Ligand SMILES: Cc1ncc(COP(=O)(O)O)c(C=O)c1O
């Protein structure tokens, strides 16, 4: 492991509080903590260069525009893209909504889109909405909870009408890392547009959009040390130029007439209104922070943590503990989703700990903060045979001692709640 | 923090031995409520006699808070008039639990209340 967790924590002011209050934060798939560098970049913008972008020709106006443009370049190169291929949006959800809203007009409304069962709601619901609005057909393919999505899974659902496939590179509930490069290549051979939900991959592993062979890709800044309210839609120039604009207003136009308008070039074509300037600057600072660590190191650190987690799971051998997702750390992100139950007596007490109680008790007993619920992935949760699970998820500032504390908490919960 | 302050003894007790737990034969009204964020469900049954809640029971698959809250509510409500029960507010229910809850958990605590109010309204309009 090339990451010095203690050293990294020094960059995160919130760890002062975590130390004081004995908090072990393990909900990084929901959002991550922010290093001082990110907060400082935002503060510095407001203290020194605040003004609107693409407008003023005065000094601070130009500074703001430069900072904003540099942020886009920096974020683009982080995922192997060019600046004009990055559209700033609010988050991955907005990026996927743009895809689902605009692609039907590119591919034709008589088309079919394939998504998988392990998708987050933000890669499901926009397609359902598009289905109602534009008449495209949505097919949800099955996937096994302990295995990657395969070409065969997709092939079973392909028809001559399939024009779009939209898949997550990493599942936020199973932790499965899907191998999408080969899938993207085959989809392109068939002329099918490939959309990737990278909300859980860009923050945690090296991602190169060209190697992925995708047409559109979505991610959120807040899940990768950046501020909330900023995210990106990557798109090849070809697809971005073919898609109609999403929202109208300032920034996205070239000229406006009494009876019409022409659009600005991409990416501005999709960025109506004054953008989230501080967000872009903050996300760029987050990218710098991650680059300094190295995404290979981020990935190997988390791989080590999930490997350790699975070992601890076996070592503790808690009677009621059931976890999901692939057991092979090579294809597993730092996400550990589980339940605590032992048979079913029909009574609430004694054989089952509701995920809300797991989460509540883990916090109160050992300060371990984990998520409970359906994790915005109801179809996958239901396919696991339940309606709620608990989830621990790691990032660069988590160490093995956090995993130890987590299992201590689970042990105490089992003792307290399971008869 | 000691284990005892995690969930109060009273809540723990209601969860371990929920009062009035189970299905009911021939209820006057049956209502099922779900909390979509965690999938908690409760099916609640009531029997009414002379304007009073004669019997109440429920089956719930939920967290400690939701089960304990249903149990406490069922004890409080049994024997009272429907009119009286209908004047109970959400904050009364939360106060009865004696635990400060965040916004997410409040929904768990109130699922049985919502079910009971719905059951009474349905009885009154039938
Ligand atoms: C796989 C996946 N896709 C999409 C999203 C949506 O991200 P956001 O809420 O930032 O738009 C998430 C966040 O939970 C996610 O885990």
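Laboratory data are not the source of any read-out in this text; all were calculated from the coordinates shown. Fair warning: this is a prediction, and the values are worked out from it, not measured in the lab. Every residue, glycine among them, receives a Cβ derived from its backbone with ideal geometry; neighbour counts consider all protein chains shown.
Table for the structure above
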quantity: Likely footprinting exposure, A:16, B:40, fewest C-beta neighbours within 10 Å first; calculated: A:16, B:40
quantity: Cα pair distances in segment A:114-238, grouped into 5 Å bins until the bin that holds the longest one, percent each; calculated: 2, 11, 21, 24, 22, 13, 5, 1, 0
quantity: Gap separating the Cα centres of segment B:105-126 and segment A:297-358, nearest whole Å; calculated: 35 Å
quantity: Binned Cα-Cα distance frequencies in segment A:314-382 - 5 Å width, integer %; calculated: 3, 13, 19, 26, 23, 12, 3, 1
quantity: Distance between segment A:125-140 and segment A:87-124 - C-alpha centres, whole angstrom; calculated: 9 Å
quantity: Percent of beta bridges antiparallel (DSSP, chain A, rounded to nearest 5); calculated: 55 percent
quantity: Cα gyration tensor of chain A - equivalent ellipsoid semi-axes, whole Å, descending; calculated: 37, 28, 18
quantity: Neighbour-count ranking [beta-carbon atoms within 10 angstrom, fewest first] of A:349, A:194, A:88; calculated: A:349, A:194, A:88
quantity: Where only alpha carbons of segment A:1-146 are counted, the Rg and the Dmax (Å); calculated: 21.0, 58
quantity: Distance from segment A:223-251 to segment A:6-37 (C-alpha centre basis), Å; calculated: 29 Å
quantity: Coarse-grained scattering of segment A:1-71 at q = 0.11, 0.15 Å⁻¹, given as base-10 log I(q)/I(0) from a Debye sum over alpha-carbon atoms; calculated: -0.45, -0.68
quantity: Order of B:7, A:316, A:134 under a 10 Å beta carbon neighbour criterion, fewest first; calculated: A:316, A:134, B:7
quantity: Efficiency of FRET from Cβ geometry, residue A:47 and residue A:17, R₀ 22 Å, rounded to 0.05; calculated: 0.35
quantity: Gyration tensor over alpha-carbon atoms, segment A:245-325, equivalent ellipsoid semi-axes in Å; calculated: 49, 18, 10
quantity: Residue A:291-residue A:412 FRET efficiency (beta carbon distance; Förster radius 30 Å; 0.05 resolution); calculated: 0.15
quantity: Directionally averaged projected area (convex hull, Cα atoms, segment B:3-125), nm²; calculated: 7.2 nm²
quantity: Choice from A:175, A:235, A:260 with maximal GNM fluctuation in chain A (Cα, 10 Å cutoff); calculated: A:260
